[in-house]
């Protein structure tokens, strides 16, 4: 039935002079492409792959150090710019001793423990902003 509609359409196009007979014969010889499944399969595969930014944000926001009561500014450089993040005294000490790190999520900065920062260093190195070497001295 579809071939009859196809032929009727082809005849109308040929009568109107929009398509020549030779081109129609070539089109008839081409194998039909499968219409279903290709796009759906690609979409399913794309949905199953984790979005990089989503898993980055998930890793950070499930492990970040809350900064409630932060009274100090911790300054750091990002390229030529000086940025800052509000921290508590304990968090400032942890940053200085290499026990905590500053990471970027979009336009925001968060504090995470060193082990999370090490994971980020291997999978998302651009997100890591500050990770000082470990220091054994405590002030």
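Every number here is computed from the coordinates shown, using simple stated rules; none is lab data. Bear in mind that the values here come from a model prediction, so they are computed numbers and not experimental data. Counting neighbours? That spans all protein chains shown, and the Cβs are built from the backbone with ideal geometry, glycine included.
Multiplying the residue separation of residue 96 and residue 75 by 0.36 nm and subtracting their alpha-carbon distance yields 6.4 nm.
Can you give the alpha-carbon Rg of the stretch 52-130 over 2.2 N^0.38 Å, where N counts its residues? Against the compact-globule rule of thumb, the ratio is 1.02. With a simple spin-label model that places each label point 7 Å from the Cα along the Cα-to-Cβ direction, the separation between residue 126 and residue 55 comes to 1.6 nm.
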